[in-house]
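Data first, discussion second: the structure below is written as structure tokens.
The values are calculated or read from the model by the stated rules, or taken from the named source; none is laboratory data. This one's a predicted model, so the numbers in the text were calculated from it and none came from an experiment. As a convention, Cβ positions derive from the backbone with ideal geometry for all residues, glycine included, and neighbour counts pool all protein chains shown.
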Amino acid sequence: MEKGIVVKSTGSLYIVEAEDGLLYSCKIVGKFRLGNLKLTNPVAVGDEVLFAKEQEAGSGIIREIKPRKNYVVRQSPRKKHFLHLLASNIDQAMLITTIAHPSLKPAFIDRFLLMTEPFNIPTCIVLNKVDIYEEEDLEVMEGLKMIYEEIGYKVIIASAISGYGKADLEAQLKGKKTLLAGQSGVGKSSLVNMIDSKMDLRTQEISDYSGKGQHTTTFAEMHNLDFSGKIIDTPGIKTLSFNYLEPLDVTHNFKEMFELSSDCKFGGNCKHRDEPQCAVKAGLETGQVSELRYYNYLSILEEVEDQNYWERHSKV
């Protein structure tokens, strides 16, 4: 048996880098599970695996997945009751977004953080395309930067066109294995190409008709950065849903609200809506809790509560 790391997922095949640096196109045999979760892809980029070489040169069969230190999972956009593994064994996540072209959906930031926070994965937020921001966009940018930095998230302002923020991005990525994610059209591939000119990831223009980006990354793939470090590039994300979370998972993973909840009358069981003596509601009044984050939280909480029990607990 050979040891290796999955560096690309193509849906039916997985490209595994062996310890000697050679690449093998591998299939899987049998079922690999993640607890009771139903997965569209049982193997993720970043997985450490044991595989057996086949007679055909450069091919193999994955026999075992080593225990993951962490993973990032999302609800499958195509199969409502299934989950999709984005990556595993990462040091951090980096969410690429922009205020304009395409227009920012602020709730998307909090939805993404709800994917990484349960696994204590540090997440950096990048606001790209600052070179095209108008005065109103700049005000929104500064407001978002203040909100997320105050609760402990790193925020980087960048432009793939002008090179603004390049040094900050390099410092954040250096020596780490980073999951890169973002909605289509936010300039994720362009930013990577700006940081590391040898990368040459495929890019595509925003549609003038729809104002939305087109998917240029089809499958998750790991790349080595020229200045040390690795990135896992992922397909553009349109929406994020949470059929795998319980309501209290939402409550406990808005971290500034969870910290305040120890002072709530009902402690960790408080959902911060109509409960008496709620420290989060009090923090909202004093400005300690961001209105933007609070109302995004309420929206996601209501969405998760509206999903019936069967949707959240369906098993294979």
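Structure notes:
- Every test in (1) at pLDDT 90 or above; (2) under 23 Å from Leu23 (Cβ atoms); (3) of a type outside the set (Gly, Ala, Ser) is passed by Met146 save one, and that test is (2).
- Meets criteria (over 22 Å from Lys177 (Cα atoms), β-branched (Val, Ile, Thr) and either under 22 Å from the mean Cα position of the chain (by Cα) or surrounded by fewer than 20 Cβ atoms within 10 Å (Cβ to Cβ) (or both)) for Val73: no
- Of all the criteria given as (1) surrounded by fewer than 16 Cβ atoms within 10 Å (Cβ to Cβ); (2) within 23 Å of Lys177 (Cα to Cα), the one not satisfied by Gly4 is (1).
- Count of region 151-189 residues, restricted to those that are charged (D, E, K, R), in contact with a strand residue (DSSP E or B) (Cβ under 8 Å, 6 or more places away or on another chain) and closer than 21 Å to Ile99 by Cα, is 3.
- Of all residues in region 265-309, those satisfying the criterion of being in contact (Cβ under 8 Å) with a residue 40 or more places away in the chain and assigned to a helix (DSSP H, G or I) are Leu292, Arg293, Asn296, Tyr297, Ser299, Ile300, Leu301, Glu303, Val304, Glu305.
- Every residue from region 154-174 that is more than 19 Å from the chain's Cα centre (by Cα) and not acidic (Asp, Glu): Ser159, Ala160, Ile161, Ser162, Gly163, Tyr164, Gly165, Lys166, Ala167, Ala171
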